[in-house]
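K.L.:
Before anything else, here's the structure in question.
Coordinate-derived values only; no laboratory data. Treat the numbers as computed from the prediction; the structure is a model and nothing was measured. Ideal geometry is used to build each Cβ from the backbone, glycine not excepted, and the neighbour counts take in all protein chains shown.
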């Protein structure tokens, strides 16, 4: 099991501080990052994933038994290549250095787990939004990551598709992958979150178990956020 | 309205040259005039070769300048954009001087051959295809960048992936190049020499008939050239539309 | 849906066909730099197949103005030049670019102009006088101005007439800077006088209101010559094949073939080989 921790993480863009000295030690459970728009949730995920380089602070990965930590990320809007669903998975695996025949096997397994086996040879770009997001999850899953980042994975989906996506995320987690996700959907945060990290204006204001957080938020901002009030 | 259109047609038809041109074009096409068929075949062959050759250079350059961040990148982009409007005559002259016996590539003996025309046209259309490719790939890169980086794709792999993924849009860039290649006359006239049966293509044949004062024949050949370009474009369009429906 | 395998096969076939461009058969051929008048009058279309049949040598003609044709040959891009500007030809040979120059044939220049003939030059048969009148009445005159043989002849005739058409930047004297055909098209469009060789005129179709106004003056004589490019200057020149072409042109069969070319019953070129 891998451990991810960040210390005094800062990120500036155009002189504005987007992330302001955040320190977290992520647990092996499912963490959900909550916060209003512009709080810096997505940026935090991108910093952890390595898509952005922090202005200051450090990101520390620690794995058991000297193996490289594998991580993957699924975005709010899935980006699918203009080729079949299966080829999208094998492309990702080939980038990860997996040989062709093993890649195919792993891709088919991942598609089956995400309930997309029947669509394997359909072009990825003509699938529905929900199918594409599940395909993105299958792509991430096929990489067998230790940690999976999810940036508002259901923001563009209807309730049925949202439930299907959540089921796949659950399955990935049960198979042994640590999940760190952001969401705007409080219901989803309740369903999917073990740990809740509440962020506002680039700062980590609160960290609690989901139970605790929703029952008795410590900060006024979090309380207002849960109530649907927007003091910002 | 209909009456007006009819009157226009009658009036145009009354211009001898246009009427003769129309009749001659039909005659040449229906009769499959052998000399003309050879000229048409050479035109298509030369221009398609030029475009294929130019794609081998332009697609990588276009994709590299869209994805990569390397010194000289902006200079390349400015040059590509500026050279989209290269005058064919100038390109012809440069290629002529290079291929001439007294020039650096003289010993290859390529002057006044179809190969020389291919080179000239390729030089002419490469900036067009490269600049359009850069635009198309850069737009796609905006959309794909995070996902590809997340998957660990380096710049080179990303460029290849993007070229393949934007293939239907890139077809438009290639067709723009093909249009330019088939339409130009200045460059092929100089490096090909308009030699009967060897380097005579549609445009140089049109120029020749015009200077002989046979405007009707020139116009007939022009009509056939336009028809040819329309046919090439529409088949490319149909294929790409079918593929687009399939791949989204 | 079309079978993708079928599409692939078609694409491959297309690529193979496209790639076949440079593989054009090129066994025994020579490149001749010549003038637009010989090409556009149709003489080469008549002459060259006869030579090819007799010798097995293909002749590839690049038709340009005389000045351009000689410049091309100077760079070594032609094996033989076949042009009509004796002065320039002698210079070409004396500079060492050509081996000897041989007369092949002649025809004549004619002065073309609008039927209405505003300068009243018709029928005089005196080209110098005709040019003086055009100058005096400032009637539109189209000049090729491209250093071709016809342009050289035109300038020579102006000197003979004692007039400089360019003095005072005369508006009536219009330099087209293009070949004989385009210049005739221009003259037809603006009803201008123009000097042309008879061969090009006879095969020219877009005549509009233009007619022959002055002809038959001895000074309108137009001599064509042939020169083999010197292989000492340009070693790749196909000396032997080029020599065969020169020999054939000046031989009896070649001369007869030239005499036999007619448009509408009218002979265009008159063979006069032998000596220079």
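K.L.:
Based on the Cβ-Cβ distance of residue C:247 and residue B:73, what FRET efficiency does E = 1/(1 + (r/R0)^6) give at R0 = 45 Å, to the nearest 0.05?
P.N.:
The pair residue C:247/residue B:73 has a calculated efficiency of 0.15.
K.L.:
Distance between Cα centroids, segment B:131-164 to segment C:46-75: provide it in whole Å.
P.N.:
Computed from Cα coordinates, the inter-centre distance equals 53 Å.
K.L.:
Using a Debye calculation, one point per C-alpha and no hydration shell, please list log10 I(q)/I(0) for segment C:108-220 at q = 0.13 Å⁻¹ in order.
P.N.:
Results for segment C:108-220 at q = 0.13 Å⁻¹ read -0.39.
K.L.:
Can I ask one more? Which log10 I(q)/I(0) values, to two decimals, does chain C give at q = 0.10, 0.11, 0.14 Å⁻¹ under the Debye formula with one point per Cα?
P.N.:
At q = 0.10, 0.11, 0.14 Å⁻¹ the computed log10 ratios are -0.58, -0.67, -0.96.
K.L.:
Helix-only estimate, please: 222 nm mean residue ellipticity of the protein assembly as shown, summing -39500 (n - 2.57) across DSSP H runs of length 4 or more and dividing by its residues, to the nearest 500.
P.N.:
Result for the protein assembly as shown: -16500 deg cm²/dmol, rounded to the nearest 500.
K.L.:
Still on this structure, I have one more. With r as the distance between the Cβ atoms of residue C:55 and residue C:91 and R0 = 51 Å, compute the FRET efficiency 1/(1 + (r/R0)^6) and round to 0.05.
P.N.:
0.95
K.L.:
Can you pull the Kirkwood radius for segment A:3-227, inverse mean 1/r over Cα pairs, to one decimal in Å?
P.N.:
18.1
K.L.:
Between segment C:76-122 and segment B:18-86, how far is it from one alpha carbon centroid to the other, in angstrom?
P.N.:
37
K.L.:
Express in % the proportion of alpha carbon pairs of segment B:53-140 at distances exceeding 23 Å.
P.N.:
So the pairs more than 23 Å apart make up 32 percent of the total in segment B:53-140.
K.L.:
How large is the translational diffusion coefficient of segment B:98-178 in µm² per second when you combine the Kirkwood radius over alpha carbon pairs with Stokes-Einstein at 37 °C and 0.692 mPa s?
P.N.:
Estimated diffusion coefficient is 219 µm²/s.
K.L.:
In Å, the Kirkwood hydrodynamic radius of the protein assembly as shown over pairs of distinct alpha carbons?
P.N.:
Result for the protein assembly as shown stands at 32.0 Å.
K.L.:
PRE reach from residue A:160 (point 7 Å along Cα→Cβ): which of segment A:106-129 fall under 19 Å by backbone N?
P.N.:
Counting backbone N atoms under 19 Å from the label point, the list is A:114-119, A:126-129.
K.L.:
Can you give the convex hull volume per residue for the Cα atoms of segment B:139-242, as a whole number of Å³?
P.N.:
136
K.L.:
Right, something else. Relative to the longest principal axis of chain B, what angle (0 to 90°, nearest 10) does the C-alpha long axis of helix B:2-13 take?
P.N.:
Tilt of helix B:2-13: around 70 degrees.
K.L.:
A further question follows. In square nanometres, what is the average projected area of the Cα convex hull of segment C:19-121?
P.N.:
Taking a quarter of the hull surface, the average projection is 10.2 nm².
K.L.:
I need two numbers for segment C:209-263: Rg to one decimal and Dmax as a whole number, Cα atoms only, in Å.
P.N.:
Expressed in Å, the Cα Rg and Dmax of segment C:209-263 come to 17.0, 50.
K.L.:
Once you treat every alpha carbon in segment B:151-201 as an equal point and sum by Debye, what is log10 I(q)/I(0) at q = 0.18, 0.23, 0.24, 0.30 Å⁻¹?
P.N.:
Scattering profile of segment B:151-201, log10 relative to I(0): -0.69, -0.83, -0.87, -1.05.
K.L.:
Among C:76-83, B:77-84, what's the highest-first ranking by average C-beta atoms within 10 angstrom per residue?
P.N.:
Ranked from most to least packed, the peptides come out as C:76-83, B:77-84.
K.L.:
Take residue B:82, project a point 7 Å from its Cα along the Cβ direction, then tell me which residues of segment B:123-139 have their backbone nitrogen under 16 Å from it.
P.N.:
B:127-128, B:131
K.L.:
Counting only the backbone N, which residues of segment C:172-213 are under 15 Å from the spot 7 Å out from the Cα of residue B:33 toward its beta-carbon?
P.N.:
C:205
K.L.:
Stokes-Einstein at 10 °C, 1.306 mPa s, Kirkwood radius from Cα pairs: D for segment B:34-247 in µm² s⁻¹?
P.N.:
In µm²/s, the coefficient rounds to 86.
K.L.:
To the nearest 10 degrees, how steep is helix C:180-190 against the longest Cα principal axis of chain C, on a 0 to 90 scale?
P.N.:
50
K.L.:
Per-residue mean of other chain beta-carbon atoms within 10 angstrom of the beta-carbon, peptide C:56-67?
P.N.:
Across the residues of C:56-67, the mean count of other-chain Cβ atoms within 10 Å is 3.
K.L.:
What does the convex hull of the alpha-carbon atoms of segment B:62-102 project to on average, in nm²?
P.N.:
Averaged projected area of segment B:62-102's Cα convex hull equals 4.0 nm².
K.L.:
Quantify how strongly other chains surround peptide B:206-217 by giving the mean number of their Cβ atoms within 10 Å of each of its Cβ atoms.
P.N.:
Per-residue shielding by partner chains comes out at 6.
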